[in-house]
Every structure is written in C-alpha cells, then in structure tokens.
Amino acid sequence: MIPITSSLWTFFLLLGLLLTRAVCAELTYEDDYEIIARAEAYLDAMNRRDVALASGLSKRSFTNSANYTPTRTPCPSGSLVRLASAGLSSDESQYVDERNNMTRDALVSLLDRIGLDDFDASDFLGSNTSIKIGLAISGGGYRAMLSGAGFLAAADNRTVNATDSGHIGGLLQASTYLVGLSGGSWLVGSMVMNNFSSVQDLQTDPVLWDLSNSLLSPKGVNITAADEFYAQVVDEIAGKADAGFETSLTDIWGRLLSQQMFNYSGGGPGLVWSDIADTGPFASRELPFPMVTVVGVTEGEVVDIETTTAFEFSPYEMGSWDNTVGAFFLTKYLGSEAVNGTPANSNECVVGFDNAGFVIGTSSSLFNLSPLNSSLVLNTFLPSQLMSALGETGNDSYTQGVAVFAPNPFFGVDDANMRLDPLIGLADGGEDGQNVPLLPLLQPEREVDVIFALDNSANLESGWPNGEALITTYERQYIRESAALPYVPDNNSFVALNLTRQPTFFGCDASNMSTITPLIVYMANYPYSYLTNTSTLKLTYTTEEIEGFITNGYNLGTQGNGTIDSEWPACMACALIHREVERRGIEHTAQCQQCMQNHCWDGSIATANATFEQIYPDLLINANTSSTAAVSSSTTTSTASATTTSTASATTVIDAASESASTSVALSASSSSLSLSSSASESASSTPSATSTNAAGGVAVPVWTGAGCAVAIALFDNFFYYFL
C-alpha cells in the first residue's frame, strides 16, 4: 500500500467519502458547493484534532495511565469478595453518608429557587433528612449519550443559565447516584473520568466528543495517522494477551471508545475505573456515586431476562445482587486469581484490568449477537490491522464476542451459579431488554427515593421509545426475584396515552405497594426541538447534529424551559419530596397535588392502538412555544483546554402550514444561544413511512438501514485504503 501524501488526492478522496455519506450517513446538501465546503471544514477539524493530540493534551494524570497491560502487585489484606447479603459496602456507605450533607444543601437551594407554594425547603429537610435521587441514563449509542448529555446539562448548575427561571440546574448536584448503560455509560464515564467535567466543558473540548469520524475510522482519511493508531491499539491488546490475559473484540472496542471519551494522551490506555476513587471531585464527594451496568451471558443460551445476570461496576466493586451471584469483587483487583475471594497467591494480585475504556466498552459490547458476531461483518467493519489483533483472542466465538473476565472473580463463591466457571462473559447492559439501568437504584439497600429514568431506546419502527425497558424490568422481578419496580402499562399504552410525550410518574401511591419502591420519573426521548431518533449504529455525528441532540435533551429536562409546561419545575420538585411526604403521613400542598394528578399514571390501559402521529411525532416546540436552552457549542475553541465554555440557547420554530423546520442558533456569552443554523422541509404523507426527517434535513433510518449504510461506507473506505 502506498500512503496518500498529496493533499490534493486526500481532498478528492474525502469528497468521495462525503458523497457516499451524503446518501448513507444522514446528511443533506443543497448543491456541490456545499459538499466542497463541508470537505474543507472536515479537513480543518481533523487537523485541529491531530494538533491537539500531538500537543499531548491531558488535563489530569493517573498512575500507570500509559499502559494497557494489567500488572501484578501484592494483594491487600482480607478477602477480595464480599457477599451481597451484607448490604452496601462500607466504602459506598461512607461515600453516601458524607455526600448527604452536600445533596441536602443542593436540594434546599434547588427547591428554594423553584419556589413551591406554601413550602419551606429548609424547614422540611432540616439538618437530618436526606432525599436520595438517582439518575439513570439508558443505552442507545451516541443517540443516548448526546440526549442524556442534554438532560445532564439542564440538571447541572454549572451550565450557564441552568439556574434561571424555568430551568432545573442543581438537580445533578442534589443527586446521590448516577448510572449509565451502553451509550449512557459513555456519558457517565466521560464526565467522571475527565474530573467530573460539565457537558459544556466536554462539548467545547477540541479532542473529546469529536464524532465527525467513525469510531472504526477515528483518523478519517489520514492514512498515516490511521496506521500509527491501529498499530498502537494492536500493540496494547497484544501486551495484555502476552501477559496471560484473554482478550476479545471488546478490548478493541474499548480502546476505540477511549479516544473520544477520555482526555488523556492516546485515550489513556492505562486509565482504570477504580481510579475514580482517587480524583478530587470523588474524594470531596462532589459527584453522584457513579456506576455502569452490564449483563452476564452464558454460552449457548438465549439472551433474555431469564438467563442473564445483572452486574454493576462502581469505583469500589464489581458484582451482582442477583441470586445467581450475590457477591461483589474489588474493582481494583479484577483479573486476580482467587478462590472464594481468597487470593491464590497473596503476593500476586492484578491491578489495571479494570481499564476505563474496557468497562464502558463492556457495557456497550454487542459482538456476541448476530450479525455483529459474523466473520463477514467483522471483516467489513474492522480495518485489517485490528482484525490481526483478534488472532490473540483464540478461536472460540463466545470468548471473542463477549468481554472476557478471566479468571472468574467469583470462582468458588458459595451459592454462585458460576462458581466453577473459569471465566465469565459480559456484554451490553441492555441486551436482555432492560435498556434503562434501573436495577442498581431499585436495590432496597440504597434507599433511593426517586429515580429519573432517561429512556433513549429505539423500540418503535420510527426509532422512538415505547416503555419496553421499564416493562422488562417490571417483569423480571417475578421471573428472577429481583428488585421491585412499580406497575407499568403495556407498550401500546405508553405511546397511545402519551406517557412518552411528557414526564410520567410511576409508583405514586406507596400505600398500594407490598414493597415500597422509589418513585419513577420516566422521561422518554421525544422530538422537542430536534428529531433525535437516529439509529443506534450511527457512528458519526456532525457538529450541528450534536448541538441538536443536546439541545433537545435540555428541552426534555426543562420541558422547553417551561414553555411546554410552565409548572414542570414545580412538579419535578414535588416528585423529589414525594416519598418523604408519604413517609411522614402528611398531605402535599395543593400545588403538588395538582402536579401529581397531571403526571402520575392513573393505571389506565389504552383501548385503541397508538396513532400514526403518535408513532411518528412532529416537533413539539413550534411558533407558539419557542424555547431557550443553555448548552454549549463544540465549534468555538481550538485551544487545548476544556475550560473555555460558551453559552447557548436554541430556538426552534415550526411553520405548521408548510411543515418546514428551521433551527436557529447563535453564540452569546450573556443570553445563552447556540451558533448554527439549518432548515429543512418535510412534506406530509398520508401513509406510514419507515423513515423520518430530522431537523438537519437528514433522514433518520431504522437500524437495518443504518447497518447497511455502515457496511457500504466501510467497504468504500477499505477499497480506497487498499487500492491506494
């Protein structure tokens, strides 16, 4: 192969790639000149990224952050395993107890700012009452990551204008737990591993969240840089294999994810999940206790709620509350050989196995499922250099497709079903249908009062959620005797009763429950100001799309900053205090009673099927309900720092007569506005369509179409790569 060194050849190759993506990657161009302008901007972004990487951009450092290969060290005293029957770990309990003081003050500040009628937050909470809030970010690839980022930006009092009237800034600071799954784990991991950076900081960073290039081709058309990058990844994985550890496709996936999620040289090959406990924000209890979820899958068995085991990773422990395991292993020492928690050699434990990219890669690993586990697809998607790394994984399709945790951390643990297995295979936390990571927050030991369930699933043919994630978790409690979830309706009722259209509360009446659960505030992905129903397999996003998704998530969190529902901040506040009100046996204020009536599911089941308009919804924010949302632009800085932020507020206007959408965004440090503009026109159709048009003018397609386009683009890339 002859590397492309001529800038002219590079330019024409990029034009060819963009022409392909103009059809497949959901982009729309008005004419050839726009394609050329796009190519120039693309090259400029690529060059800025390479300059930033070359400068060794790294705001923070961890020990051993440059080495992917786990190392051996003397073991700690005591057992590496504890049983779930003992309750929470002492470390987590201490963290939560110490954070309670911070969340109590933050909640008082939030409630005072919202200003509930006839309610005094300080008197209600006093000095001893702690309300535990959990935030659960679902899976769904970049769709989930970016939509969830918008919600967290709205909930974060560090986001400019997030504490204005109609906003909900401070909810993040008042929360005790933050849990992510798959794409949601990318968001949680990126925030936490980057020193608990705000969404604004992450979005304006010149290296992080640059999604213009596919994860599978992170250097774009820079073939020389791609060769060097792939060689680095292959060496890292080979080093782990040479040290005696099994590797799999998830090792590759995790290393690719790290390039976009972690602001460390080379994506932080030695950055580990247990490092979170050593960060300043964690030590000072400034961030909600972070976790990500995965499922354990058994070779040869169908993946569903009857067969999977639900695992969680925290900075301290990895394990499961399920009775199939019922134990937790110290995260820092994963990879160590032990029997019932006792190290086989007290002088030789392993550290560094819990690589941060590997953890979030495990939470989003789908390579055990067809067709992603087929040789044809793998050879099509993965560059040949990365395919060579698979030679280290062995010939077993099971161990190649799952994230391999060997030795089995729970080997020899009493009553663990897998106690005699030499290894365990873990995969995407949503594979069994539980795409919202509720289980960690439903555990009675954690005493969570309210859970915000952010559902960015793509259940409907149109790519929007239909409540399947909650239904699956509800059904699991009867199949697996797992933690309880309040009663929820069927899929059709979720959509037909508009329970996905507005925040909906489940479990409002604790007196009707045999087991009292947290109140569930269900908030589904919905087109407020942007059509965010893209395929989970979509691996590239333009700056405009990123802005649109984050703004839409912000509008979900604030209900258009009160323009859709002026009472929403107050109703959210009522949800926060609801369980404590019930515990005391007192009545809500008249305002909160009205809120509960408006948002609580009343047990109704739809008698008619959801309509076409409900399955393929239009944008909510129109000429009569404009919205401003404080988020940040990722195009406003070229410096090697994530501290430069810009405020943004987007106003989206829908002309009902022409059904044409226009999104206007302009940067402003004082008035919070976004700096992009786009327009799209969508013609109405009387017949159902398998596609919908997004606010950027592109087409949001079903998963199978997205996969076909991804294959076509990969084939195109590989053709030019090898031919040239």
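Relative contact order for the stretch 495-549: what percent, with Cα pairs under 8 Å and sequence separation of 6 or more? Can you show the working numbers first?
Numbers: 41 pairs, mean separation 16.5, N = 55.
Once divided by the residue count of the stretch 495-549, the mean separation gives 30 percent.
What number comes out for accessible area per residue over the stretch 468-526 if the probe is 1.4 Å? Units Å², please. If you can, show how the numbers build up before the last one.
Working: 2150 Å² over 59 residues.
Value returned for the stretch 468-526: 36 Å² of accessible area per residue.
Identify the residues of the stretch 420-463 with backbone N under 16 Å of a label point that sits 7 angstrom from the Cα of T129 along the Cα-to-Cβ direction, or state none.
449-450
Once a ≥ b ≥ c are taken as the square roots of the eigenvalues of the Cα gyration tensor of the stretch 533-600, is the result rounded (a/c under 1.5), prolate (a/b larger than b/c) or oblate (a/b not larger than b/c)?
Prolate.
If r is the Cβ-Cβ distance from D618 to E447 and R0 is 60 Å, what FRET efficiency results, to the nearest 0.05? Show your work: numbers first, answer last.
Details: r = 41 Å, r/R0 = 0.68.
The value I calculate is 0.90.
What FRET efficiency comes out for R584 versus A243 if R0 is 60 angstrom and r is the Cβ-Cβ distance? Round to the nearest 0.05.
0.60
With label points built 7 Å along Cα→Cβ from the Cα atoms of L423 and T307, find their separation and express it in nm.
1.9
Using modelled amide H (1.01 Å from N, peptide plane; none on Pro or chain starts), what sits under 5 Å from the amide H of V292, excluding residues fewer than 5 places away?
G180, F313
What is the distance, in nm, between label points placed 7 Å from the Cα along the Cα-to-Cβ direction at S79 and at S165?
Output for this residue pair reads 5.8 nm.
If a/c stays under 1.5 just call it rounded; otherwise compare a/b with b/c (prolate if a/b is bigger, oblate if not). Do that for the stretch 280-356, with a ≥ b ≥ c from the square roots of the Cα gyration tensor eigenvalues.
Working: a/c = 2.28, a/b = 1.19, b/c = 1.92.
Since a/c reaches 1.5 but b/c is at least a/b, the shape of the stretch 280-356 is classed as oblate.
If I model a spin label at D415 and E475 as a point 7 Å from the Cα along the Cα→Cβ vector, what separation in nanometres do I get?
About 2.8 nm, to one decimal.
So how much slack lies between S514 and S90, counting 0.36 nm per residue of separation and subtracting their Cα-Cα distance, in nm?
On the way: separation 424, 0.36 × 424 = 152.64 nm, distance 2.87 nm.
The S514-S90 span can extend by a further 149.8 nm.
Go through 140-146, 181-187 and give me the packing order, highest mean Cβ count within 10 Å leading. The partial results should precede the final answer.
On the way: 140-146: 29.1, 181-187: 30.9.
In decreasing order of mean packing, 140-146, 181-187 become 181-187, 140-146.
Which of rounded, prolate, oblate describes the stretch 399-527, given a ≥ b ≥ c as roots of the alpha-carbon gyration tensor eigenvalues and a/c under 1.5 marking rounded, otherwise prolate only if a/b is larger than b/c?
oblate
Between E228 and S284, take the C-beta separation as r, use R0 = 30 Å, and let me know the FRET efficiency to the nearest 0.05.
Computed FRET efficiency for E228 and S284 comes out at 0.20.
The values are calculated or read from the model by the stated rules, or taken from the named source; none is laboratory data. Since the structure is predicted, the reported quantities are computational estimates derived from the model, not experimental observations. With ideal geometry, Cβ positions are generated from the backbone for all residues, glycine too; neighbour counts draw on all protein chains shown. These area figures cover heavy atoms from the full protein model, side chains too; ligands, DNA and RNA do not enter into them. Shrake-Rupley method; radii C 1.70, N 1.55, O 1.52, S 1.80 Å.
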